[in-house]
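Here's the structure we're looking at; comments come further down.
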Amino acid sequence: MRVAVVGGGISGLVAAYRLRTALNDAATITVCEATGELGGKLRTGKLAGRAFDVGAEAFLARRPQAVELARELGLGAELTHPAPVSATVRAGGRTLPLPRHTVMGVPAAPDAVREVLSDAGAAAVAAEANLPGLSLPRQDECDVSLGALLRQRFGDELVDRLVDPLLAGVYAGGSDGLGLRATMPALAAAVDAGAGSLTEAASGLLPDHPNSSPVFATLTGGLGTLVSRLAAASGAQLRLGAPVRALRRRGDGWRLVLGAVAAAHAPADAELDADAVVLAVPATAASRLLAEVAPEASAAFAEVELASMAVVGLALPPGTELPRASGVLIGEGELRGDGTPFTAKAFTFSARKWGHHDGQGAPVLIRGSVGRFGDTGLLRARDDELVRLVRSDLAELTGCSAEPVDTLVQRWGGGLPQYGVGHLSRVRRIERAVGEIDGLEVAGATLHGVGIPACIATADAAVARLVGR
């Protein structure tokens, strides 16, 4: 059997690995990656000579797929969890501890968020539980705007100061452009089950005795080690720098046309025949490749909007003092002392958050995140200018103006899908249309979650369906 996996990110590589596990040596597996590097949004670079993640930096540990995969690949000894330090948020011109007892910023009780709000904002949150009863369209396909609902129930301040800064770290987008059921399904389910307010719904989701197990995990050698281990274990033929330009039916199988543009005299390796194909690429590429073979799925993929962002790594001199926090989130409306907006939307104090980045004589590593959905102006700045702006923000927030011993900038153009209103319906259309075609499957962050465990789950499911058929 010949299987082509289009996309060499985490979803594509997991698919290739699972195919190898299921089919053993009976399959020829080829991974086609448009860029010259595997991993997609998992990328480990070098900052001051140390391995440093410039894409995703961690994954949910309480969702088992990523932890189990790391152990399965022999990386269990590299699993590590954040240090016991809290995050902070810039709210109303002050840097404050990130409130606990919330569901992505939605409070389980009014007092939970009191410190980050003005008196008027706190009063609006306190009044939410007494508003008229709450009901939602019951069908999963009928979503509502998360931002519109939260603003209606709690007012603008809670959204702007707390919810949106949290969501920006996941989607690089704010609640106004996201769907409730697509991004907070548990909260919607609590309302469906009878919660009369969002405060009550959030309260019911938080356990009486919180689980002490860590929420997040990463690998001490960087998440790039997961990428390289998957590639090796899959035994796949790797075609790097080989964008797939077209996907066509050929008898009972498929023909993939490679190359960024059509050539008058195509080389011998410009086409690849396969019995089955797994597409694990961003929405734009998936839409283009499915235009002829699955037009309904292509149209649904085309409706998914994408956000761009950049990660700025700073290595400060050993001994540089940082706040006792894992980092700081910054709301879009927050202003610097001179009245100008911040460039960064968040900082991770990596030297504080992760023990493997700390140590005597080690450079002090920091990640700055830049870029929000719909606002690409800042991302047009040159690397040196982006570093200057992020350093200025860091000084404003922490007083730290130390000259870096090294810097690193990684840009992610169109890297984060937006789970807007109607996203669940789009995914159903995609999966229904693709499901009618033998030998074709889709996986990736566009479907059922942007995090690493969610991407792994889509690859597992795609391979299970493919092998089962």
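Just checking, does segment 201-220 include any residue being among the β-branched types (Val, Ile, Thr), within 23 Å of the chain's Cα centre (by Cα), crowded, with 23+ Cβ neighbours inside 10 Å and under 21 Å from Phe347 (Cβ atoms)? Walk me through how you get there before you give the answer.
Let us first name the residues in segment 201-220 that are among the β-branched types (Val, Ile, Thr), namely 215, 218, 220.
With the extra rule that they be within 23 Å of the chain's Cα centre (by Cα), the set shrinks to 215, 218, 220.
Narrowing the set further to residues that are crowded, with 23+ Cβ neighbours inside 10 Å leaves 218.
From what's left, under 21 Å from Phe347 (Cβ atoms): 218.
Yes - at least one qualifying residue is present in segment 201-220.
Restricted to segment 130-146, and to residues that are among the small types (Gly, Ala, Ser) and surrounded by fewer than 16 Cβ atoms within 10 Å (Cβ to Cβ), which residue is farthest from Asp176 (Cα to Cα)? Quick ask: steps written out before the conclusion?
In the first step, residues of segment 130-146 are kept if they are among the small types (Gly, Ala, Ser); the result is 133, 135, 145.
Then drop every residue that is not surrounded by fewer than 16 Cβ atoms within 10 Å (Cβ to Cβ), which leaves 133, 135.
Values: Gly133: 22, Ser135: 19 Å.
The selected residue is Gly133.
Which one is modelled with the lowest pLDDT, of the residues in segment 125-146 that are of a type in the set (A, V, I, L, M, F, W, C) and part of a loop (DSSP other than H, G, I, E, B)?
Per the stated criteria, the residue is Cys142.
Name the pairs: first residue in segment 324-338 and in contact (Cβ under 8 Å) with a residue 40 or more places away in the chain and buried (at least 21 other Cβ atoms within 10 Å of the Cβ), second residue assigned to a loop (DSSP other than H, G, I, E, B) and charged (D, E, K, R), Cβ to Cβ under 7 Å, at least 6 apart or on different chains?
That search, which allows pairs on different chains as well, returns nothing.
Search segment 7-60 for residues being touching a helix residue (DSSP H, G or I) at 6+ places or on another chain (Cβ under 7 Å) and of a type in the set (Val, Ile, Thr), and hand back the single one that is farthest from Arg245 (Cα to Cα).
Thr44
Determine whether Ala127 is in contact (Cβ under 8 Å) with a residue 60 or more places away in the chain and either more than 26 Å from the chain's Cα centre (by Cα) or crowded, with 21+ Cβ neighbours inside 10 Å (or both).
No: the conditions fail for Ala127.
Applying the selection to segment 436-447, what residues are surrounded by fewer than 20 Cβ atoms within 10 Å (Cβ to Cβ) and in contact with a helix residue (DSSP H, G or I) (Cβ under 8 Å, 6 or more places away or on another chain)?
Listed by number, the list holds a single entry, Gly439.
Could you pull out every one of the strands (runs of 3 or more DSSP E) wholly within segment 1-93 that has 3 or more residues that are in contact with a Cys (Cβ under 9 Å, 6 or more places away or on another chain)? Before you say what the answer is, go through the steps one by one.
Values: elements: 2-6, 28-33, 44-47, 50-53, 88-91.
Result: 2-6.
Being buried (at least 16 other Cβ atoms within 10 Å of the Cβ), part of a loop (DSSP other than H, G, I, E, B) and either modelled with pLDDT under 95 or small (Gly, Ala, Ser) (or both) is the filter here; which residues of segment 240-255 pass it? Spell out how you get there, then give the answer.
First, the residues of segment 240-255 that are buried (at least 16 other Cβ atoms within 10 Å of the Cβ): 242-247, 253-255.
Filter once more, so that each one left must be part of a loop (DSSP other than H, G, I, E, B): 242-243.
Residue satisfying the conditions is Ala242 alone.
Within segment 403-414, is even one residue in contact with an Asp or Glu (Cβ under 6 Å, 6 or more places away or on another chain) and either over 18 Å from Val281 (Cα atoms) or not assigned by TED's automatic domain parsing to the domain that holds Ala276 (or both)?
Step one: of segment 403-414, the residues in contact with an Asp or Glu (Cβ under 6 Å, 6 or more places away or on another chain) are 409.
Checking the rest, the ones that are also either over 18 Å from Val281 (Cα atoms) or not assigned by TED's automatic domain parsing to the domain that holds Ala276 (or both) come to 409.
Within segment 403-414, one or more residues are in contact with an Asp or Glu (Cβ under 6 Å, 6 or more places away or on another chain) and either over 18 Å from Val281 (Cα atoms) or not assigned by TED's automatic domain parsing to the domain that holds Ala276 (or both).
Taking the conditions exactly as written (over 30 Å from Asp275 (Cα atoms) and at pLDDT 95 or above), does Gly40 satisfy them or not? I'd like the intermediate steps shown before the answer.
On the way: over 30 Å from Asp275 (Cα atoms): no; at pLDDT 95 or above: yes.
The answer is no for Gly40.
For segment 11-23, state whether one or more residues are under 23 Å from Leu408 (Cβ atoms) and surrounded by fewer than 19 Cβ atoms within 10 Å (Cβ to Cβ). Spell out the reasoning first.
Looking only at segment 11-23, we keep the residues that are under 23 Å from Leu408 (Cβ atoms), and these are none.
No, that holds for no residue.
Please determine whether any residue of segment 13-28 is more than 30 Å from Glu271 (Cα to Cα), at pLDDT below 95 and either not assigned by TED's automatic domain parsing to the domain that holds Val191 or not basic (Lys, Arg) (or both). Break it down stepwise before answering.
At the first step, the residues of segment 13-28 found to be more than 30 Å from Glu271 (Cα to Cα) are none.
No, segment 13-28 has no match at all.
Return a yes/no flag: does segment 147-157 have any residue that is surrounded by fewer than 21 Cβ atoms within 10 Å (Cβ to Cβ), assigned to a loop (DSSP other than H, G, I, E, B) and of a type outside the set (A, V, I, L, M, F, W, C).
There is at least one residue in segment 147-157 that is surrounded by fewer than 21 Cβ atoms within 10 Å (Cβ to Cβ), assigned to a loop (DSSP other than H, G, I, E, B) and of a type outside the set (A, V, I, L, M, F, W, C).
Out of the residues in segment 74-119 meeting the condition of being over 26 Å from Ser197 (Cα atoms) and hydrophobic (A, V, I, L, M, F, W, C), tell me which one is surrounded by the most Cβ atoms within 10 Å (Cβ to Cβ).
Within segment 74-119, the match that is surrounded by the most Cβ atoms within 10 Å (Cβ to Cβ) is Ala87.
The values are calculated or read from the model by the stated rules, or taken from the named source; none is laboratory data. The structure presented is a predicted model; accordingly, all values stated were derived computationally and were not measured. Here Cβ is always computed from backbone atoms with ideal geometry, including for glycine, and neighbour counts include all displayed protein chains.
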